[in-house]
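No value in this document is a laboratory result; all are computed from the given coordinates. Quantities reported herein were computed from a predicted structural model and do not represent experimental measurements. For neighbour counting, all protein chains shown are included, and Cβ atoms are generated from backbone atoms with ideal geometry for every residue, glycine included.
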Amino acid sequence: AATALLKQRGKLPERRRAELEAVVRAHLNFCRPAGAAGKAPSASDGELSYEGVGEATSGFNGEISCEALHALAAIDARIERPGFVPPEEALVRLLATQGDDALRVLAVSARRTFVEALAPRHMPDGWDIERGSRGQ
């Protein structure tokens, strides 16, 4: 949300901008140490690890400063999940165990879905959903 506000704030519709600002404010309120109601969080509170966020916010209900947005946008929010296999890798592994026929079935299915979903009107001469599925 912070990155979107930094990059597109002036171009966003008012409603979307308000939604993103609400997300940022909620995060800033969540990061506030317990018992610090009405007080902007700061790194000296010991529980806030986002350097510059506390000093860069003005009460969480007013305008969110550019400094606060930059500090939040710099946070790496990715979560490592041991054993996670990306879906494209899982598909390749599965197809590798099922032989060439499985790959052809997938290709035909993808082409059929393409034609049914987009109903293209200008296809190259000789283009065929079944191309390659008959040993061509």
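Taking the Cα atoms of segment 92-132, report the difference between the largest and smallest coordinate on each principal axis, in whole Å and largest first.
Here the spans come out as 36, 20, 11 Å, largest first.
Convert each backbone phi in segment 11-17 into a coupling constant with the Karplus relation 6.51 cos²θ - 1.76 cosθ + 1.60 (shift: θ = phi - 60°), then list the ³J(HN,Hα) values in order as whole Hz, x for Gly and Pro.
Those phi angles translate into 9, 6, x, 3, 4, 5, 4 Hz.
Does a label point 7 Å from the Cα of THR3, set along Cα-to-beta-carbon, have any residues of segment 73-91 with amide nitrogen under 11 Å, and which are they?
73-78
Kindly rank 76-87, 98-109 from highest to lowest mean number of other beta carbons found within 10 Å of each residue.
Per-residue mean Cβ counts within 10 Å order the peptides as 98-109, 76-87.
Can you work out ³J(HN,Hα) from phi for every residue in segment 92-109, in order, using Karplus 6.51 cos²θ - 1.76 cosθ + 1.60 and θ = phi - 60°, giving whole Hz and x for Gly and Pro?
Each residue of segment 92-109 in turn: 4, 4, 5, 5, 5, 7, 9, x, 5, 4, 4, 5, 5, 4, 4, 5, 5, 4 Hz.
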